[in-house]
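Structure record follows, encoded as structure tokens.
The values are calculated or read from the model by the stated rules, or taken from the named source; none is laboratory data. Bear in mind that the values here come from a model prediction, so they are computed numbers and not experimental data. Cβ coordinates were reconstructed from backbone atoms using ideal geometry, including for glycine residues, and neighbour counts include every protein chain displayed.
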Amino acid sequence: MKKAGTKILSLCLSLVLCMSALAGCAAKEDTKDDTVVRIGALKGPTTLGLLFLQDKAAKGEAAINCEINMMTAADELLPFMIKGELDIALLPANVASVLYQKTNGNISVIDINTLGVLYMVSGDNTITEPADLKGKTIYVTGKGTTPDYALQYLLTQNNLTAEDCNIVYKSEATEIVTLLSEDETAVGLLPQPFVTVACAQNEALSVVLDMNAEWEKAAGKTSSMVTGVTVVRNEFLTEHAELVTSFLAEHAESAEAVNRDVETGAALAVEAGIIAKEPIAKKAIPACNITCITGEKMKEALSGYLEVLYGLNPESVGGALPEEAFYYIVE
């Protein structure tokens, strides 16, 4: 009888311990952050590195709950970040600096998502170096935009000025593609995938200068051409630091995947409306310099790039260079 009582007591204790363990597991699950991360991105090269993450999220396979909203211009994204209606945004590098100034330092950059995507396209194969641009007509999208600043820097670093060329500003890259088909001797400063589109439409056209390579020649190791970065609202970062870390891991994996599996990436790019046709996407993606650079490497590359832009025109980065707090370094 005594032995039976002891067994019953032992069973009861085991049951209590099991229930406590289950309760502990439930508590751990309850602490998981299921907050939906609201991500804003542009329909362009800076978003190609998100495509595999977007696909995983749609299938419920991503490590984070997220919704990705694509817009056509950076100016559309900024109000949503300022009002707190987006948590993370993929922006042109200099626009991120401008946003930092506008929000009084209330955003941080967490990675570089795209390096140089700018190329000079022409039917004039005598152009082999920046000095050969003297006297040429150069079509550029938008005065005071990243392509314009890149061109100005390249000219000054090669002892040329804007007056040495006939620089014509156009509002859309598609306009430049059309103009190049009409005048093969002109030069178009274009981003991908428009470079691939232009060359596909006219076999006489080709890339005569890689702006990324020319920038590095001019700047040396002090900076790289940085096209796009990813920023986060500091309020969201403070409240959901682990989610931001998880996003960075997912972003890095997605960027690596689109570079590795170009065929699937091309299909996803067409599905997302970033590139119109898969053959164009397959050719363009490898030239888009999609990446996910974080930490000190991110800070070194981006700070050097912003310093160059500041030297050309302080307003290009918001009137002042960002402070150290702008760069979020994951421990």
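Points to keep in mind about this one:
- Residue list for region 174-208, filter: surrounded by fewer than 23 Cβ atoms within 10 Å (Cβ to Cβ), small (Gly, Ala, Ser) and closer than 25 Å to residue 42 by Cα: 200
- In region 67-112, the qualifying residues are those that are assigned to a strand (DSSP E or B) and touching a Phe, Trp or Tyr at 6+ places or on another chain (Cβ under 7 Å), and the one that is surrounded by the most Cβ atoms within 10 Å (Cβ to Cβ) is 107.
- For the condition more than 16 Å from the chain's Cα centre (by Cα), within 30 Å of residue 241 (Cα to Cα), surrounded by fewer than 18 Cβ atoms within 10 Å (Cβ to Cβ) and modelled with pLDDT under 95, residue 307 qualifies.
- The listed residue being touching a residue at least 24 places away in the same chain (Cβ under 8 Å), among the hydroxyl-bearing types (Ser, Thr, Tyr), over 16 Å from residue 286 (Cα atoms) and touching a strand residue (DSSP E or B) at 6+ places or on another chain (Cβ under 6 Å), out of 245, 230, 185: 230
- Any hit, region 140-156, residues being in contact with a Leu (Cβ under 9 Å, 6 or more places away or on another chain), surrounded by 17 or more Cβ atoms within 10 Å (Cβ to Cβ), among the hydroxyl-bearing types (Ser, Thr, Tyr) and in a strand (DSSP E or B): yes
- Check on residue 255, within 20 Å of residue 110 (Cα to Cα), surrounded by fewer than 20 Cβ atoms within 10 Å (Cβ to Cβ) and of a type in the set (Gly, Ala, Ser): no
- Residue match in region 320-327 (condition: within 28 Å of residue 206 (Cα to Cα), of a type outside the set (S, T, N, Q), outside the structural domain of residue 214 (by TED's automatic domain parsing) and in contact (Cβ under 8 Å) with a residue 60 or more places away in the chain): no
- Unmet requirement for residue 224, which otherwise passes all of (1) among the small types (Gly, Ala, Ser); (2) touching a Leu at 6+ places or on another chain (Cβ under 8 Å); (3) in a helix (DSSP H, G or I); (4) closer than 22 Å to residue 146 by Cβ: (3)
Condition check ((1) farther than 30 Å from residue 181 by Cα; (2) without any contact (Cβ under 8 Å) to a residue 40 or more places away in the chain; (3) small (Gly, Ala, Ser)) across all residues:
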| position | (1), (2), (3) |
| --- | --- |
| 46 | no, no, no |
| 49 | yes, no, yes |
| 53 | yes, no, no |
| 79 | yes, yes, no |
| 83 | yes, yes, no |
| 108 | yes, no, yes |
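- Output for region 185-221, where each listed residue is within 29 Å of residue 107 (Cβ to Cβ) and in a loop (DSSP other than H, G, I, E, B): 192, 193, 221
- Near pairs, Cβ below 7 angstrom, 6+ apart or cross-chain, from region 157-169 (on the phi > 0 side of the Ramachandran plot) to any residue that is crowded, with 16+ Cβ neighbours inside 10 Å and modelled with pLDDT of 90 or more: none
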